[in-house]
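Notes follow once the structure below has been shown.
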Amino acid sequence: MIQTAYVSRAAEAMSQESLLALLQQCLANNEASGVTGMLLYGNDTFLQVLEGEEAVLDTVIDKIRKDPRHSKIHFLYRKPLERREYSDWSMGFKRVSAEGLNAIGLSAFGAKDFNFDYLIEHEAVVETLMEHFRVPHWDPLIRELDAKDKVIEYLKKALSHTRGCIEIASFVLENVAAASRDGRLDEQQLRLCESALDTLRRV
């Protein structure tokens, strides 16, 4: 088993609908192939970590390299794994925001720094970001319970899945609220809601 991470620049600005479509694709493909990991997105920049069996992951990486949604890709590392670090998620997802970054404690790093050029030059920052978003913010409780039985393991996964559902739901609600304020609530928002509901049913 291996783990790899990459930073990429989006070929064009991602609409909320296209970003949700990408997330749905990741969830479906990764569940089917046994790949786990996390995707962070902000400032038209993707930071993704993936883990799985080497042959499977090589196929996924080849598809990523050919994906026209990426204009530039830089792979940060590739390393062997004894056990998964993202076993709770077929694909964790987080939109990077100034508020979210404030909680990490990277004093010299702000939301504007979450971009392709900065991330490929600051691997220590990347590691800090991935570690922070990988572990739920109720981490002290999780650590206390981590060595318990299978019921506790199930609850950990349920909590992680709930985080993902909340992120997707807030993502869609923000889009619908903005469209409503601007007087442009239309069929597109309905499709976005239906698409999100389909994703949430499968998470």
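The values are calculated or read from the model by the stated rules, or taken from the named source; none is laboratory data. Every value quoted in this text rests on a predicted model; they were computed, and no experiment measured them. Cβ placement follows ideal geometry from the backbone for every residue including glycine, while neighbour counts extend to all protein chains displayed.
Restricting attention to the stretch 16-38, the residues being among the small types (Gly, Ala, Ser) and touching a Leu at 6+ places or on another chain (Cβ under 9 Å) number 2. Pairs linking a residue in the stretch 23-48 that is surrounded by fewer than 18 Cβ atoms within 10 Å (Cβ to Cβ) to a residue that is acidic (Asp, Glu) and not in a strand (DSSP E or B), with Cβ atoms under 7 Å and 6 or more positions apart or on different chains, are Gly34/Glu53.
Residues of the stretch 1-22 that are farther than 21 Å from Ala98 by Cβ and surrounded by 14 or more Cβ atoms within 10 Å (Cβ to Cβ): Met1, Ile2, Gln3, Thr4, Ala5, Tyr6, Ser8, Glu17, Leu20, Ala21, Leu22.
For the stretch 79-91, does any single residue satisfy the condition of being modelled with pLDDT of 90 or more, in a strand (DSSP E or B) and loosely packed, with under 13 Cβ neighbours inside 10 Å? Yes, the stretch 79-91 has at least one match.
Against the condition modelled with pLDDT under 75, in a helix (DSSP H, G or I) and either under 27 Å from Leu159 (Cβ atoms) or out of contact with any Ser or Thr (no Cβ under 6 Å at 6 or more places or on another chain) (or both), how does Pro136 come out, does it pass? So Pro136 does not fit the description; no.
Restricting Lys94, Lys66, Lys79 to those that are within 14 Å of the chain's Cα centre (by Cα) and among the charged types (D, E, K, R) reduces the list to Lys94.
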